[in-house]
1. Being modelled with pLDDT of 90 or more, touching a helix residue (DSSP H, G or I) at 6+ places or on another chain (Cβ under 8 Å) and of a type in the set (D, E, K, R) narrows it down to one of E60, E105, so name that one.
2. Here are V113, V119: which of them is open to solvent by 30 Å² or more (accessible area, probe 1.4 Å), part of a helix (DSSP H, G or I) and more than 19 Å from Q14 (Cβ to Cβ)?
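The values are calculated or read from the model by the stated rules, or taken from the named source; none is laboratory data. Please read all numbers here as calculations on a predicted model, not as lab measurements. Every residue, glycine among them, receives a Cβ derived from its backbone with ideal geometry; neighbour counts consider all protein chains shown. Surface areas here come from the heavy atoms of the whole protein model, side chains and all, with no ligands, DNA or RNA. Shrake-Rupley method; radii C 1.70, N 1.55, O 1.52, S 1.80 Å.
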Amino acid sequence: MIHDKDYIIRIVKQFSEFLSKMILGGSNGDLSELQRIFDTNMNDTFKMDFETLASKSADEIVQLINDKDKSHHIPYFELLGNLFYFKNKENPNPGFAAKAIVFYEKYLQTSGVFSMPVVSRIGELKKG
């Protein structure tokens, strides 16, 4: 069981790192390959594609995370913030921006950590 939890956290963190690189413009690869990596990470992490996840309300997604092991909440909220922030940068959408704010704020509350990049992104998203 310990190995399962470690694996889940590793997958979540790898996906979050991938998105962070994409957000910072570190996408030095073939677009189809990057999309394949994104789709694989979505499936490995959430067992659904982005469109299915995005169709859920922020409250429904928060409940999905709350149903997981408590030690997983912080990395999941950070990942979800990065995911919706990235998708909003890719294709501006008020729903994606609102969800990114919710998940980044949940990340800050749950972790108790002050993260200047996250606070800056929340400010950017709120300005629209």
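1. It is E105.
2. Unique residue meeting the criteria: V119.
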